[in-house]
Amino acid sequence: MADEQVDTVWLTQEAFDAATAELEHLKGAGRAAVTAKIARARDEGDLSENAGYHAARDEQGQQELRIRQLESMLRHAQVGEAPAGDADQVSPGCKVTIYYDDDPDDTDTFLLGSRELMALAGNTEVEVFSPQSPLGSAIIGKKIGDTASYSAPNGKPIDVTILEVEPYVG
């Protein structure tokens, strides 16, 4: 069950519709606009020193990356509310408060979910950790009072204790 929750992206109908509309735009009018920019820049001559051409190609790369991200998110999307688990159990879509290394004064509060969802909702003020991140995967399924451990990028283990779990209301 935990693996299924980690792969699933829970979206409201509004967020699903917004992501779908963005994807359709990028695959249609967005691609056409970038292709036209590349063609205009190519007509200017020498491509090795053509800043407009290189900028348009970079824009094309970013756009194709965004298309792949949206396609993946929509492929794993479940429209509706995340399944109700235990109220004190960490799951995607929850706002979680933890403390680090047995120090209750060193706390962090964040949303366990997708940055994509926050961007679609226009809310980028809340810190977000993906369920697939080292911290996210360590705490999924844990309950208030449980301790989990994950590795920092330098390999050092970090212990966290779940202090609070609540549904996120954006």
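The values are calculated or read from the model by the stated rules, or taken from the named source; none is laboratory data. This structure is a prediction, so every number in the text was calculated from the model and none was measured. With ligands, DNA and RNA removed, areas are computed over all heavy atoms of the protein, side chains included. Shrake-Rupley method; radii C 1.70, N 1.55, O 1.52, S 1.80 Å.
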Reported to the nearest 10 Å², Leu70 has, with a 1.4 Å probe, an accessible area equal to 0
Taking the convex hull of the alpha-carbon atoms of the stretch 12-109 and averaging its shadow over every direction gives an area in square nanometres of 10.6
